[in-house]
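Step one of this worksheet: look at the structure below.
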Amino acid sequence: MMPSKKLTRATPFRLQGLCLLVFITNFSLSAVIFVNTGDPDHNTTPPSNPAEAKAWHLQGTWKTCQGTPIAPQWFLTAKHIGGFVGDVFTFQGKSYTAVARVLDPETDLALWGVSEPFPAFAEIYQRKDEIGKRLLIFGRGEQRGEPVLLGSEVRGWRQGQGGGFMRWGENIVDQIAGVEDTEPRKLGELIGATFDRNGLPSEAGLASCDSGGGMFLRQGNVWKLAAVNFGAGGKFKKTEDDEAFFANMLDVGGFFFQKSEDSQQEEFFEFFEDQDEDIPTNIWGTRLSYRFDWIKETIEALPNPVQTIHLETSEAINGPFSESSDWTLIQNPLAIKAFKPKTAQFYRIKASVSLNMLTPRLITNDLLIPFTGEPVANPNN
């Protein structure tokens, strides 16, 4: 049994600003971890509550992380995960090919469009009353690592290994990081919760491909997507000469905590005196109520992501080119399929993101023009 300590709420700038910026600089995400158990099978099945289970089933897999459908052909995830047109988003057992991407200029959000409609999608939590509400958190990942000790007391857990299984956890929203707190990284507004030793039964933090997973809040009888997992924890040392380690901490007292790049010294660590009160680290998600208008306007302007791709043809290599509507999109391989031209033609593809045309080929009476969003050394090979 861990000794009971009080939870201190440091000044908003110190706890919120410092912990936040340390994470932003250094700590990437990979799994929901729990205060009360290190069992790798804990919460790897949907919650027993039907409404909460519905939120579980609204999570999909993007790269090795996650995303959430929020419109018939659009899903939302974290920008820092990356990805390319042609990558696959897996949702409810089916693969969907990404054909469009729109990056939010003000936050870590990325909207990805797919070629076919989803069978279901989440509603967005638009209210700005998140403080004090119970948060459902979803992530895909690693087991809790080795405990971090101060003497014989557990103060947190290191970043673990293994994973790849989705898990759910819970927490209480207790902070909002404003635009002024997330400078200079321009992350907009974030919602935050502390990793408390005396928290909820499935009190959860985030560790290293929870990124992009959903944070849900209840509105009436519906759990709505309120934020997208961004970051947590930080980088620590026991002494100035020790090797630094990543961890989610119940209490940073007695440890050196890495400061942000604002200090102009990437490896500058500040010591936190051990106190009677806990100083826990935080988890953070990009606040969707802050960017709801941008999300709504983007999707309304591009309801069908396939329409962001345009095929143009010309009889001369230097044009003029005119747009062709006589084509369809196929997914395996990702390609434009058009009728075989009657005369020699030159083709180019225009899209909202950079695409690389690969070598066209004729299949019976069809012209197949494969393309990819990934860089290629020589698109003509």
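For the cross-link pairs 63/340; 54/94; 54/350, which exceed 29 Å when the distance is taken from alpha carbon to alpha carbon? Exceeds cut-off: 63/340; 54/350.
The antiparallel fraction among DSSP beta bridges confined to the chain stands at about 95%. For residue 243 and residue 161, a Förster radius of 22 Å and the Cβ-Cβ distance give a FRET efficiency of 0.80, rounded to the nearest 0.05. Label separation (residue 106 vs residue 314): 3.9 nm, computed from points 7 Å beyond Cα along the C-beta direction.
From least to most packed, judged by other beta carbons within 10 angstrom and beginning with the fewest, 81, 131 follow the order 131, 81. The stretch between residue 222 and residue 368 holds 48.1 nm of extra length on full extension. This uses 0.36 nm per residue minus the Cα-Cα distance.
Each label point was placed 7 Å from the Cα along the Cα-to-Cβ direction; for residue 301 and residue 131 their separation is 3.3 nm.
3J(HN,Hα) couplings calculated from phi for the range 67-79 with the Karplus curve 6.51 cos²θ - 1.76 cosθ + 1.60 (θ = phi - 60°) are, in sequence order, x, 10, x, 10, 7, x, 10, 9, 10, 10, 8, 8, 4 Hz; Gly and Pro show x.
Based on Cα contacts under 8 Å between residues 6+ apart, the range 272-353 shows a relative contact order of 28 percent.
From the square roots a ≥ b ≥ c of the eigenvalues of the alpha-carbon gyration tensor of the chain, which class results: rounded (a/c under 1.5), prolate (a/b over b/c), or oblate? Prolate, because a/c is 1.5 or more and a/b exceeds b/c. Take the Cβ atoms of residue 345 and residue 293, set R0 to 35 Å, and the FRET efficiency comes out at 0.25.
Laboratory data are not the source of any read-out in this text; all were calculated from the coordinates shown. These numbers were taken from a predicted model, which means no experiment stands behind them. All Cβ positions, glycine included, derive from the backbone under ideal geometry; neighbour counts span all protein chains shown.
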